[in-house]
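Written below as structure tokens is the structure these notes are about.
The values are calculated or read from the model by the stated rules, or taken from the named source; none is laboratory data. On a predicted model such as this, the values are computed, not experimentally measured, just so you know. Cβ placement follows ideal geometry from the backbone for every residue including glycine, while neighbour counts extend to all protein chains displayed. Surface areas here come from the heavy atoms of the whole protein model, side chains and all, with no ligands, DNA or RNA. Shrake-Rupley method; radii C 1.70, N 1.55, O 1.52, S 1.80 Å.
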2 protein chains.
Amino acid sequence: MFSIGELSKRTKVKVPTIRYYEQMGLLAEAERTSGNQRRYDKKGLERLSFIRHARDLGFSIEAISSLIELQDHPDRSCEAATDIAISQLADVRAKIKRLKLLEKELTRISECCDGHGVSEDCYVLAALADHELCSREH
Amino acid sequence: MFSIGELSKRTKVKVPTIRYYEQMGLLAEAERTSGNQRRYDKKGLERLSFIRHARDLGFSIEAISSLIELQDHPDRSCEAATDIAISQLADVRAKIKRLKLLEKELTRISECCDGHGVSEDCYVLAALADHELCSREH
DNA sequence: CTTGAACCTCTAGTCACTAGAGCTTGTAGA
DNA sequence: TCTACAAGCTCTAGTGACTAGAGGTTCAAG
């Protein structure tokens, strides 16, 4: 059994974040000492590692809730889990697509002004003011 | 002179968002009718288009504030504007980099489970539980 | 037994909006 | 000119995933 600080160190999840996850129902309520401090065991560590890993992959708290629910019922179909993963993947791909458009546009805009001129002649500002100056949709 | 609803239609920025931008100081306080309704002219339209465009490119409200400040002083050096654009570009590139790692990992994980099995054997859940199963850092 | 680091709860702040309540105004048709 | 009612107004609170801080308590080493 170890403290929340120890759990934090081992999982690299900050202490307030751990408490937040508990509040959100992602982590079961921890056992307490007589003085009301949280104590965790291996199971708590594993669950938090799972959460941390899923968060790192960009899953929402809600999605993680569903994944944990499934994990707790080993006999259930895992269709929902793959669905969540696939939809997360689609999300990530959509974000990449959009960001790449932004990257192109920002690169183009930045390259057109060296920053040595005066605001009136600045291509960055002109481009923002006038969408017509954009090379494509974004 | 036109109403906030008309401005909203022309710029595709929602009415409450326009009011929010005003509150945040991005838009100057609009003129009002005797009945306290906002009225806009060409200048208001241009400024909101600028804001909309910058937001579409992912600039923060704060960054846009600085850009507008520069725009209002045509004689100032535009170094700050290019700095802001370049730092935004760096941001976007960092996000793309991270998302690509996530994409790889999520693709790999998703492909390992067809969703027809049972939660206990699900590779998606197993991969999340155990970082060792990841193919690389993410 | 003392010290102080670590713990506790609770509230409020972050960003860029969005939603809703409860009220007032503008405008088109009768 | 009157009447609907769409559109406007302000204000407060909610979103997601934390983070910061106040003000108090507990644990463990020396």
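Could we say that A:A30 is within 27 Å of B:L106 (Cβ to Cβ) and at pLDDT 95 or above here?
Judged against the criteria, A:A30 is not a match.
Looking at B:G35, B:G25, B:G5, can you tell me which residue is modelled with pLDDT under 95 and small (G, A, S)?
Answer to the selection: B:G25.
What about A:L7, is it in contact with a strand residue (DSSP E or B) (Cβ under 7 Å, 6 or more places away or on another chain) and in a helix (DSSP H, G or I)?
Judged against the criteria, A:L7 is a match.
How many residues, within the stretch A:33-46, are within 14 Å of chain B (Cβ to nearest Cβ) and either open to solvent by 80 Å² or more (accessible area, probe 1.4 Å) or within 14 Å of DNA strand D (Cβ to nearest atom) (or both)?
Residues meeting the conditions: 3.
Evaluate the stretch A:89-108: report whether one residue or more is free of Cβ contacts under 8 Å to residues at least 40 places away in the same chain and touching a Phe, Trp or Tyr at 6+ places or on another chain (Cβ under 9 Å).
Within the stretch A:89-108, none of the residues are free of Cβ contacts under 8 Å to residues at least 40 places away in the same chain and touching a Phe, Trp or Tyr at 6+ places or on another chain (Cβ under 9 Å).
All but one of (1) in a loop (DSSP other than H, G, I, E, B); (2) more than 17 Å from the chain's Cα centre (by Cα) hold for A:V13, so report the exception by its number.
Here A:V13 clears every test but (2).
Residue-by-condition table, conditions (1) within 7 Å of chain A (Cβ to nearest Cβ); (2) open to solvent by 20 Å² or more (accessible area, probe 1.4 Å):
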{"site": "B:A54", "(1), (2)": "yes, no"}
{"site": "B:R93", "(1), (2)": "yes, yes"}
{"site": "B:K97", "(1), (2)": "no, yes"}
{"site": "B:L102", "(1), (2)": "yes, no"}
{"site": "B:I109", "(1), (2)": "yes, no"}
{"site": "B:V118", "(1), (2)": "yes, yes"}
{"site": "B:L125", "(1), (2)": "yes, no"}
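If we scan the stretch B:67-85, do we find a residue that is of a type in the set (D, E, K, R), within 15 Å of DNA strand D (Cβ to nearest atom), in a loop (DSSP other than H, G, I, E, B) and open to solvent by 80 Å² or more (accessible area, probe 1.4 Å)?
The answer is no; no qualifying residue exists.
Would you point out which residue out of B:A28, B:A54, B:A81, B:A63 is near DNA strand C (Cβ under 8 Å from one of its atoms), among the aliphatic types (A, V, I, L, M) and in contact (Cβ under 8 Å) with a residue 12 or more places away in the chain?
Only one candidate passes the filter, namely B:A63.
Taking the stretch B:127-138 as the search range and keeping residues that are facing chain A (nearest Cβ under 7 Å) and at pLDDT below 90, which one is surrounded by the most Cβ atoms within 10 Å (Cβ to Cβ)?
The selected residue is B:H138.
Considering the stretch A:14-32 alone, what residues qualify as being closer than 22 Å to A:A85 by Cα and within 9 Å of DNA strand D (Cβ to nearest atom)?
A:Y21, A:M24, A:L26, listed by residue number.
So A:S60 clears everything in (1) at pLDDT below 95; (2) within 30 Å of B:A54 (Cβ to Cβ); (3) of a type outside the set (F, W, Y); (4) in the same structural domain as A:K14 (by TED's automatic domain parsing) except one condition, right? Which one?
Result: A:S60 fails condition (1) only.
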